[in-house]
Amino acid sequence: MKYALFLGCTIPARSRQYELSARKVAQKLGMDLVDIGEFVCCGFPVKASDLKSALVLGAYNIALSEKQGLDLCALCSSCTSALTEVVHHLAHDDQAKAEVNETLAKAGLHYDQGVKVRHVARVLYEEVGKDEIKKHLTKSLEGLRIANHYGCHYLKPSEIYDNFDQVEDPHTLDELVALTGATVVDYPNKKRCCGGPVLPVDEKTSLAIAREKLEDIREAGANAINLVCPFCSVMYDSNQKGIETAFSTTYNLPVLYLTQVLGLAMGMDRKELGLNMNVVKTKDALAKYAGGD
Amino acid sequence: MLKNAHLLRSPHPSSLRRTGMYVSLLGMSGALYLSVFEQAGDFERLVTRHCPKERFVMADIDLSKADPNFRKELLAHPEGEKISACFTCKTCTASCPVSAVNAKFSPYRIIRLALFGLKKEVLESDFVWLCSSCYACQERCPQGVSITEFMTLLKNMAIKAGHAPAGIRAQRDLVRGQGRIYAIDEFDNKKRNKIDLPSLPTACSVVKVLFPES
């Protein structure tokens, strides 16, 4: 299983614990992730301001991957959706493809058929498979109560994702987390957005959206949140303290990436998984279960 | 009230004038509804009880500034071609995580304003930027309107017309100028190497080729 690893902008600069744990877990599972240094932004952040630039950026990244004959595995949900949309769009619009190729030619590249774009969680679920993952799990996380946050662009727009999961009743992350022995906690508003994209526009609204979910998760009695996107992590992990201050409350909910949860169950230590880089402290919450060394 | 409610929803240009009349009447007092309600003001009380005032977002629409060409312009875009199928069921607004915490934002109202041709109100507003592009509305729209894509189209048009929050413009300029939102410098690479992550390029020259105009 060989993929070009698409990191995007946020992960290598701000969420290195996600990159670190994803690489470790992939290595353990025999996934070959190839780095392509020329990758640029996926285009998602400029969609709102300039759809055309977003298309050019996405197509450039995909053409780089195509040149090396590799499918693309992204860690960030927004990168996954932006790049998948480009493949979807260009497969149905020859004129747009011709225009994009005119630009790409100046960079010595050509977009032909595009490549398969996959989120790492989807690769784990569909291609590596639960049985294979289970073989590598050595430490049970029994007793740990985890609330999954799917976020939006991991699942939506569903028309570009071949219904690999159900938008209104998602289950892939629940099944992956359940492999570790942890209890998957259900809660209201499970499908709701983290509010991240509104952050540069209206901080108050953005934090209010994130707060609703934190309230529900605390109410459901979870010890930790599991997620698969660095934007969502910014809202729940980096901004948790800010939300606590703004709304005079306390959550103290560690926010883990899926690859950190799986890595813990594989017996990896805190440092290997970058757990020391999470903003909300994970040590005490996890000490009872795993990786508390 | 119920007899005339459909006029509020009808986006057809031929009914715009009549709709405008009713919209302005709705905004006045309960006088029109004396035959249904016993006292002037009953209607407003009913509306406020079942639908908080800030949620009753159609009454303040001023149709005198409607520009029918704006509607045509929107329908010509692939992201906007399906909006005329909207029948104002408000599933979008009910599903919207932003509307749930900030009543200023309401997808169905934006679609209605757009269909009425209220170009200035839509493109110069601050509310189109509140869309989080989460696709909750689009996934649930019973009429198959690509609401999230439509919001993106409106944002693109607004920024072209010179109206966009500074943060959004800054994101665009960063990405088009350096290929990334967060440029990687030597300090970042040092931190990456320390935990055995590979170095990443600290410069990006291809953006000059991809975006020669910026």
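Coordinate-derived values only; no laboratory data. Here the structure is a predicted model, which is why all the values come from computation and not from measurement. Positions of Cβ are backbone-derived with ideal geometry, glycine not excepted, and every protein chain shown enters the neighbour counts.
Could you point to the residue in A:Ser158, A:Val100, A:Leu227 farthest towards the positive end of chain A's charge dipole, with +1 and -1 charges on the Cβ of Lys/Arg and Asp/Glu respectively?
Toward the positive end, the furthest listed residue is A:Leu227.
Within region A:129-277, what is the number of lysine pairs with alpha carbons under 22 Å apart, leaving out pairs fewer than eight places apart on the same chain?
13
To the nearest 20 debye, what is the magnitude of the charge dipole of region A:129-277 about its Cα centre, counting +1 on the Cβ of each Lys and Arg and -1 on the Cβ of each Asp and Glu? Walk me through the numbers on the way to the answer.
Numbers: 16 positive and 21 negative charges, 88 e Å.
Approximately 420 debye in magnitude.
What residue among B:Ala158, A:Thr205, B:Cys141 has its Cα farthest toward the positive end of the dipole of the protein assembly as shown, where the charges are +1 on Lys, Arg and -1 on Asp, Glu, each on the Cβ?
Comparing the listed Cα positions along the dipole, A:Thr205 ranks first.
Could you check the spin-label model distance between A:Phe247 and A:Lys281? Points 7 Å from the Cα along Cα→Cβ, value in nm.
2.3
Per residue of region B:147-161, in order, report the coupling 6.51 cos²θ - 1.76 cosθ + 1.60 (Karplus, θ = phi - 60°) as ³J(HN,Hα) in whole Hz, putting x for Gly and Pro.
4, 5, 4, 5, 4, 5, 4, 4, 5, 4, 5, 5, 5, 5, 7
Taking R0 as 60 Å, what FRET efficiency do you get between A:Gln68 and B:Lys65 from their Cβ-Cβ distance, rounded to the nearest 0.05? Intermediate values should be presented prior to the final figure.
On the way: r = 54 Å, r/R0 = 0.90.
Once the sixth-power term is evaluated, E becomes 0.65.
Pairs of lysine in region A:2-120 with Cα under 20 Å and at least 8 positions apart or on different chains: total?
Counting lysine pairs in region A:2-120 gives 12.
Would you please calculate the Kirkwood hydrodynamic radius of region A:2-120 over all C-alpha pairs and express it in Å, rounded to one decimal?
Computed over region A:2-120, the radius equals 14.4 Å.
Of A:Leu57, A:Thr10, A:Val40, which is farthest along the charge dipole of region A:6-61 in the positive direction, counting Lys and Arg as +1 and Asp and Glu as -1 at C-beta?
Of the listed residues, the answer is A:Thr10.
For the protein assembly as shown, what is the charge dipole size about the Cα centre, in debye to the nearest 20, if Lys and Arg each add +1 at the Cβ and Asp and Glu each add -1 at the Cβ?
My answer is approximately 780 debye.
For region A:226-233, take each phi angle, set θ = phi - 60°, evaluate the Karplus expression 6.51 cos²θ - 1.76 cosθ + 1.60, and give the result in whole Hz per residue in order, putting x for glycine and proline.
10, 8, 9, 9, x, 5, 5, 5
With r as the distance between the Cβ atoms of B:Arg140 and A:His110 and R0 = 45 Å, compute the FRET efficiency 1/(1 + (r/R0)^6) and round to 0.05.
With R0 = 45 Å, the Cβ-Cβ based efficiency is 0.70.
Read phi for every residue in region A:186-201 and hand back ³J(HN,Hα) as whole Hz from Karplus 6.51 cos²θ - 1.76 cosθ + 1.60, θ = phi - 60°, with x for Gly and Pro.
Per residue, the Karplus-derived 3J(HN,Hα) values read 8, 7, x, 6, 4, 8, 6, 4, 7, x, x, x, 8, 3, x, 9 Hz.
Per residue, how big is the convex hull around the C-alpha atoms of region B:110-204? Give it to me in cubic angstrom, could you?
So the per-residue hull volume is 135 Å³.
Can you give the log10 of the normalised intensity I(q)/I(0) at q = 0.07, 0.13 Å⁻¹, computed with Debye over equal Cα scatterers of the protein assembly as shown?
-0.41, -1.26
Distance between Cα centroids, region A:126-203 to region A:1-53: provide it in whole Å.
If you average the Cα positions of each part, the centres end up 19 Å apart.
Largest first and in whole Å, what are the equivalent-ellipsoid semi-axes of region A:167-225 based on the Cα gyration tensor, each being the root of 5 times an eigenvalue?
Equivalent-ellipsoid dimensions as semi-axes: 25, 13, 10 Å.
Starting from the amide H of A:Asn226, placed 1.01 Å from N in the peptide plane, find each other amide H under 5 Å away whose residue is 5 or more places distant or on another chain.
Under 5 Å from the amide H of A:Asn226: A:Ala147, A:Asn148, A:His149, A:Leu256.
On full extension of the chain, what length is gained from A:Asn101 through A:Asp269, given 0.36 nm per residue of separation minus the C-alpha to C-alpha distance?
55.9 nm
Return a whole-number percent for the relative contact order of region A:129-277, with Cα pairs under 8 Å and 6 or more residues apart as the contact set.
After rounding, I find 30 percent.
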